[in-house]
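S.K.: Here it is: the structure, laid out below.
Bear in mind that the values in this text are calculations on the coordinates, not laboratory data. Note that the structure is a prediction, hence the values are computed from the model and not measured. Here the Cβ positions follow ideal geometry from the backbone for every residue, glycine too, while neighbour counts run over all protein chains shown.
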Amino acid sequence: MLVQRVITALILLPILISAIFFAPNVWLYAIFSCAALAAAWEWSAIAGNKGAAQIGYVILTAAMLALTWLARGWWPWIMAISAIWWIYATWLLTQFPENFDGKLPPPISMAILGQVLFLPTILATAELHAMHDGAYRLLYVFGVVFAADTGAYLAGRALGKHKLAPAISPGKSVEGAIGGLLLVVAWSLTAGVFAFRADNRLEIVEIVVLSLVVGVVSIVGDLTESMFKRLAGVKDSGTLLPGHGGALDRVDSLLAALPVMALGVHLLGW
């Protein structure tokens, strides 16, 4: 399993970095849209769809992604909708499992929610990429999520005693989450200062605070996908990526992190 994970990462990482640094903005949007379509296929399966229904949902998502690109002038509002969802999702996590009675939401609710997850995220990649030093800023967000995940894994294994969300993901601990956020702080004080060209104390503080918010939200994104998978009775969203599960399993944290980072950067006027 570990070997598969490493091989998959070694294949995907150069592709990701090359796309971020060399692909034109519209092509970057298209590339990430392809990843969203793979995740949409898996999300539709989690919702209980098969065959033609899954294909139809992927086609719908493709059309919505095209419309979202045309409506990108409204992108801060689209990010705000995403942020509101993730605030609500945080509350849902605290109420689980009583709030769902062991059942997934109705199919129409799952279909709409999928669009709320995918559309702002893919648009956020393009908007961050289009900014000054956009390639570095976009890559920085991926680093925040990686730091939160890696720090949580290492700290959780070494110190984890208190369960973070036992009904959703028993392997995650409070100590792990804290360790992940501490690594996010370290990442923000190094790569963040560089990516955003911070040259005074206030800007550095803003980078650290925003990165911490994004780190927390990335954990919420991970737990939210786990919550819906638990309701659906599945362990992984798919088998697309050997050693990693499905596409949705790899982007769950990014679904929350990217829109919140884009909105934060906009609000701070960077």
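S.K.: Quick one: order LEU60, LEU231 by neighbouring beta-carbon count within 10 Å, fewest to most.
M.R.: On the way: LEU60 15, LEU231 18.
Sorted ascending by nearby Cβ count, the order is LEU60, LEU231.
S.K.: Could I ask something else about it? I need the phi-derived Karplus couplings for the stretch 256-269: 6.51 cos²θ - 1.76 cosθ + 1.60, θ = phi - 60°, integer Hz, Gly and Pro marked x.
M.R.: 8, 5, 5, x, 5, 5, 4, 5, x, 4, 5, 5, 7, x
S.K.: In straight Cα distance, which aspartates and glutamates are under 15 Å from LYS103, not counting same-chain residues fewer than 8 positions off?
M.R.: GLU225
S.K.: Once fully extended, how much extra length lies between HIS132 and ASP199, figured as 0.36 nm per residue of separation less the alpha-carbon to alpha-carbon distance? Spell out each step's value before the answer.
M.R.: Working: separation 67, 0.36 × 67 = 24.12 nm, distance 1.56 nm.
Going from the current span to full extension adds 22.6 nm.
S.K.: Moving on. Give me the log10 of I(q) over I(0) for the chain at q = 0.13 Å⁻¹, as the Debye formula computes it from C-alpha points; what are the numbers?
M.R.: The computed values of log10 I(q)/I(0) come out as -0.86.
S.K.: Across the chain, where is the longest run that never hits trypsin sites (Lys or Arg not before Pro) in a DSSP loop with at most 13 other C-beta atoms within 10 Å?
M.R.: Between the exposed loop sites, the longest stretch runs 104-160.
S.K.: Here's something else I'd like to know. When TYR29, TYR88 are ordered from fewest to most other Cβ atoms inside 10 Å of their Cβ, what list results?
M.R.: Ordered from fewest to most neighbouring Cβ atoms within 10 Å, TYR29, TYR88 come out as TYR88, TYR29.
S.K.: Hey, got the dipole for the stretch 2-268? About the Cα centre, +1 on K and R Cβ, -1 on D and E Cβ, debye to the nearest 20?
M.R.: The dipole of the stretch 2-268 has a size of about 380 debye.
S.K.: Would you give the gap between the C-alpha center of the stretch 21-49 and the C-alpha center of the stretch 68-132, rounded to a whole Å?
M.R.: 14 Å
S.K.: So, one more: Which length gain, in nm to one decimal place, applies between LYS50 and PHE21 when the Cα-Cα distance is subtracted from 0.36 nm times their residue separation?
M.R.: Extra length available between LYS50 and PHE21 comes to 6.7 nm.
S.K.: If you don't mind, there's one more thing I want to ask. Return the single residue from SER253, SER18, SER169 with maximal mean-square fluctuation; model: Gaussian network over the chain, springs between Cα atoms under 10 Å.
M.R.: SER18
S.K.: Name the long-range amide H neighbours of ALA165: under 5 Å, sequence gap of 5 or more, or other chain; modelled H, no Pro or chain starts.
M.R.: LYS172
S.K.: Going by how many other beta carbons lie within 10 Å of each one, how would you line up MET110, MET79, fewest first?
M.R.: MET110, MET79
S.K.: Checking the a/c ratio against 1.5 first, then a/b against b/c, what shape does the Cα gyration tensor give for the stretch 26-98? Write down the numbers at each step before the final one.
M.R.: Details: a/c = 2.51, a/b = 1.12, b/c = 2.25.
In terms of gyration-tensor shape, oblate.
S.K.: Roughly what would the spin-label model give for HIS266 and ALA63, points 7 Å off Cα along C-beta, in nm?
M.R.: 2.5 nm
S.K.: Report the residue, chosen from VAL208, VAL216, VAL26, that carries the largest GNM mean-square fluctuation when the chain is represented by alpha-carbon nodes joined by springs under 10 Å.
M.R.: Of the options given, VAL26 has the highest mean-square fluctuation.
S.K.: Can you list the lysines whose alpha carbon is less than 22 Å from that of LYS163, not counting same-chain residues fewer than 8 positions off?
M.R.: LYS172, LYS229, LYS235
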